[in-house]
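Take a look at the structure below.
Throughout, read-outs are computed from the coordinates displayed, never taken from laboratory work. From a predicted model like this one, the values you see are computed outputs, not experimental measurements. Cβ coordinates were reconstructed from backbone atoms using ideal geometry, including for glycine residues, and neighbour counts include every protein chain displayed.
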Amino acid sequence: MISLVNQTITIEELQSLCSWIQTNPRLTKYELNDEFEKKWSEWLGRKHSIFVNSGSSANLAAFYAIKLSGRLKNNKVILPTVSWATTVSPAIQLGLDPILCDCNLNNLGLDLEHLEELIDKHNPSLIVAVNVLGFANNYDRISQICRDRDILLLEDSCESIGTVAYGKKTGCFGDVSTFSFFYGHHMSTIEGGMVCTDDDDLANLIRSIRSHGWDRDLTESVSGELKKKYSIDEFNSPYTFYYPGFNVRCTEIQAFLGISQLRNIDHTIQKRCDNFALYEKLLGHISFLSLESHSLVSNFCYPIIHEKSQKICNSLFKEEIAHRPLIAGSISKQPFWTDRYGYQSLKNGDKVHEYGFYVPNNHQILPSEIEFICDTINREVT
């Protein structure tokens, strides 16, 4: 069996974790969380990073902080139809007006023509871009649109740790960006995610709403301003709640693993990049991708969109090669969307939903296994 994903946490890391736990450290959120956030910010190149308990929580906290900030000129938000449920769900949960944008078939990101049509029609406050499977959106154009039209950009890079495009790592384009450290992703903290921003005010909001909405994680200056505004004394300050928050904190165990995983992340990224290059070499004749803006593709899994997808998938199943639908297909076809907004036809998203799937790429897969996967696929398409 060729697995779709593989564990990134090694036996040595688990042994090191067990040894550390035996020193009887504090295990709830503490100093290791701060250390991991600092190291992640340094690696990524962003000012603030806030560690949370999943990539889904990262998206929820990012949406919520943007809403609480008062920067939305209206409730309209454009979201990609090829994405994950919990990239879209926060818009619904927080009472925003979600509008789906079709994908393109070059990098699976937002289709620029459809995006501009939607902007002209709806004048949204927020655009959400997902870097699907490690492929960056067309940020040269999207970033310019956001600047010109006064639109905030939320960048979901949960599947795209380490990709470099337009001279920057993914996760450095949005006003806020999110990452996931789930099992089988580029790195793992068992469960975990990160919210990143260069904006001091948004960072303060995210830190507070991560932990109940309380005062304790605010910067000293912001805490001082709020205490003065609401006449809060020092005794009551740690138990004062300025926002209706969540509890999406991480443990020190997860931070310990995150710090350890970060030491090997560049090696893992390069392995995924090399694997992607081999796939492109062997399947280039059916590849739809066009990634000239990318100088490094930290591919999550290799996508295929083909009219013979059912036949190909049957052969992959017989050969015990793991595969699955391309993300979740099109959100426009998912029950949680159709129950609320009805069925919506989006040309490229429909194609992804009907014919799209992906095959394994991870740091442990062997070149010979990739060759076997490609041979299996090529037998059905030639």
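Our summary gives segment 133-223 a relative contact order of 18 percent, counting only alpha carbon pairs under 8 angstrom and 6 or more residues apart.
Among residues other than residue 52 with Cβ under 9 Å from its Cβ, the summed charge is +2 (Lys and Arg +1, Asp and Glu -1). The reciprocal of the average 1/r between distinct C-alpha atoms defines the Kirkwood hydrodynamic radius, which for segment 113-236 equals 16.6 Å.
Across segment 265-381, C-alpha contacts under 8 Å between residues 6 or more apart give a mean separation that, scaled by the residue count, equals a relative contact order of 38 percent. In segment 297-326, which residues have a backbone nitrogen under 12 Å from the label point lying 7 Å from residue 280's Cα in the Cα-to-Cβ direction? Only 297-299 fall inside the zone, counting backbone N under 12 Å. Among the listed pairs 168/311; 121/229; 29/228; 311/347, a Cα-Cα separation exceeding 32 Å is found for 168/311; 121/229. Just check segment 247-301 against the gyration tensor rule for me: Cα atoms, a ≥ b ≥ c as the square roots of the eigenvalues, rounded for a/c under 1.5, and otherwise prolate or oblate depending on whether a/b exceeds b/c. Because a/c hits 1.5 or more and a/b exceeds b/c, segment 247-301 counts as prolate.
Remark: relative contact order (segment 11-262) = 25 percent; criterion is Cα-Cα distance under 8 angstrom and separation of 6 or more residues. With N counted as the residues of segment 1-61, its alpha-carbon radius of gyration over 2.2 N^0.38 Å works out to 1.43. The alpha carbon gyration tensor of the chain gives principal lengths a ≥ b ≥ c with a/c of 1.5 or higher and a/b no greater than b/c, which makes the shape oblate.
The Kirkwood radius of segment 265-381, taken over pairs of alpha-carbon atoms, gives through the Stokes-Einstein law at 25 °C and 0.890 mPa s a diffusion coefficient of 160 µm² s⁻¹.
Comparing 289, 126, 79 in a Gaussian network model of the chain (Cα springs below 10 Å), the most mobile by mean-square fluctuation is 289.
Mind running the shape call on segment 40-110? Use the C-alpha gyration tensor, a ≥ b ≥ c as the square roots of the eigenvalues: rounded below 1.5 for a/c, prolate if a/b tops b/c, oblate otherwise. Taking the square roots of the gyration eigenvalues as a ≥ b ≥ c, segment 40-110 is oblate.
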